[in-house]
Structure formats: structure tokens, C-alpha cells
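First the structure, in the form of C-alpha cells, and then the observations on it.
The values are calculated or read from the model by the stated rules, or taken from the named source; none is laboratory data. As the structure is a prediction and not an experimental result, all values here were calculated from the model. All Cβ positions, glycine included, derive from the backbone under ideal geometry; neighbour counts span all protein chains shown. Just the protein is used for accessible areas: all its heavy atoms, side chains included, with ligands, DNA and RNA removed. Shrake-Rupley method; radii C 1.70, N 1.55, O 1.52, S 1.80 Å.
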Amino acid sequence: MSAGRDTRATAGDAHHAVETAALAAAGLAAAMPRLVLEARRIAMSVQHGLHGRRRSGAGENFWQYRRFVDGEPAQRVDWRRSARDDHLYVREREWEAAHTVWVWPDLSRSMDYASRGQAPKRERALVIAFALAELLVKGGERVGIPELMRPSANRRIVERMAEAVVLAPSLPASLPPAFAPSPFAEVVLLGDFWSPAGEVAARLHALAASGAHGHVVQIVDPAEETFPFSGRIEFQEPEGGERLTVGRAESWRTDYELKLVEHRARIRAAAGRLGWSFVVHRTDKPASELLLALHARMGAGGAPARASGGHAFVSGEFT
């Protein structure tokens, strides 16, 4: 009898998970046109896109002259330039290789959360992902979504990303997939990162193992920062479904704030050890503020940059 009950419970849980995923996908699909338009509007507010790297290699444009090295094929010598000097020179061309950027927006259940008057964190992550991709492609870069979309420089990159997200074949995880970006790639992670700090740090270490550079953006609702709750409150874990009822929620505020600072400090330290940047973005702040700061951060190769409106982007925080 117990085995039969367990089987029915398991089947019921699976059915509920499928129904929940279907509803979430339908809601995301319905919101997608609005998010695409919002992303394009925000991208247009940033005047300058990122540009592909310039270095020697195969291409059409002249890059530089360099000394001929013994052992190279003689046909590489530029005899016209060499005739003006006592040395042999090789004419190098610019390698017009696009920079590959992997953008991962967290689509897990915890990103559904939104306090009163705020947009869900998932929508903000998607808007930033789309707007950033629009800028990057205009600047000659290629953009991909890990496990969902191969890197592309298609002019309709936003529509391609939106389609890939809507047609995702499985329930999303709360951490980025363990893929292997190339050493010259750049990775942008957009999520709330409320998973255990040790798990987040381990995933960042795995992604950086190949030498790729990256940026971690923690997107949070203002209520997750300030813990404005009081009285008798029931909290529900968004992904596991566990519930916790507390009597005087305000008495938890100080402990919550300390845990938040500790959790964030561990992730920031993990990112810093890898040479990755870390920034916190609240959904009650303009999306353009984050996009401008992130754009400048990427353009500066990881060096501290200054965002719009006088907000300093220092040590991974807006101040």
C-alpha cells in the first residue's frame, strides 16, 4: 500500500511540475514582445557599442610591419618595405575576429519574485540580456546563451534569443550550466544567486577554468535587500516549495541582513579571485543604469568604470 501511495505521489508531483512549467512558459511567451521592445528602447539609450578585438592574423586590412623571422616562408617578406632598410619585413593584416560573449539570464522559479510595484526579477534579467546583446552585435560581437543558442552576430539577435528562451526544452536551473567558454570569450551571468555561496563559487571557478573573463550581476528585488516584513508572515521557498511561518518577522531583520552581507561577500570574493567583476542591481533602479555600467565595465576590460547619473561602479557595488 505504501509503495502505491509513493508511486501516485511521485506521479502527482511530476504532473504538477509539468503544469507549472507550462504555465511559466506561457506567461513568458506572452510577456516576450513587451520585453523585446523594452530592451530595444534601453539599448538605444546607449550610444556606443562594443567593438571586436584588433590583432594580427587573417584579414583584409593592414595591421603592421614586423621583422622577418628565420624559418618563415620567403613569400611572406614585403620586399618593397624591406628595400628601404637593412632588414627584412613582413606585412601583417588585422585579424577581424568577433569577440564571443555568453549571456546567461537566470530563468529559475526564484526569479519570479516581485514585491509590490516592482517587475519580476526574471523580466529584468531578460531585458538586460536582450539589450546587452543588441549593443554587442552592433559593435561586431557574437552573442550566445549557454545550452540554448550558439553564438551569433545576427542583426535580429534579440528575436533569436527570445525564441531560444521560450522554446527552452527543460526547467531552468538556478545556476549557470557548466560549459567551457573559450579562453578569449567573455561571460555575463544575470541572476539572483541565492543558491549556497559555495555552490556559486564552485560554478564560477569552473567557468573561469579555461581563462574566460566574466561578470556576475546579482539581480534582487528591493524587499530582498531591506526585509520590510513584520508580524506573522509565511515564507515559501520558490523552487523547493518549503514553507516557514514566523510570528514576529521584524525580529529576524538584523540576522537576515548579516546573512545577506556574508553571502554576498563570499560571492564577491570568489569572483574577485578569478578576476571577474561583481555588481548588485535592484529592480527598483533603471535597467539603463546597469546596462551603461556593465557596458563600460566590459569595454574597460574589467577595470573600474563609472556609471551614469553619478553612480560609481566600484568594488562591485553601485554607491
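Can you check what the net charge comes to around Pro105, using other residues whose Cβ is under 15 Å from the Cβ of Pro105 (Lys, Arg +1; Asp, Glu -1)?
Charge balance near Pro105 sits at -3.
Using only protein heavy atoms and a 1.4 Å probe, report how much of Phe68 is accessible, in Å² to the nearest 10.
50 Å²
Could you please state, rounded to a whole Å, how far the C-alpha centre of segment 107-125 is from the C-alpha centre of segment 172-235?
Each part's Cα centre sits 15 Å from the other's.
With Cβ to Cβ distances under 9 Å as the rule, what net charge do the other residues near Gly191 carry (K, R +1; D, E -1)?
-1
Would you grab the residues whose amide H sits under 5 Å from the one on Tyr89? Only those 5+ places off in sequence or on another chain, please, with H modelled 1.01 Å from N.
Phe68, Asp78, Ser82
Got the relative contact order for segment 181-283 handy, in percent, Cα pairs under 8 Å and 6 or more residues apart?
Relative contact order comes out at 35 percent.
Between Asp284 and Glu159, what's the calculated FRET efficiency when r is the beta-carbon distance and R0 is 22 Å? Round to 0.05.
Given R0 = 22 Å and the Cβ-Cβ separation, E is 0.20.
At R0 = 30 Å, how high is the FRET efficiency between Leu258 and Phe179 if r is their beta carbon distance? Nearest 0.05 is fine.
Once the sixth-power term is evaluated, E becomes 0.30.
For the residue pair Asp86 and Ala114, what label-to-label distance in nm results when each label sits 7 Å from Cα along the Cα-to-beta-carbon direction?
Label-label distance for Asp86 and Ala114, simple model: 7.4 nm.
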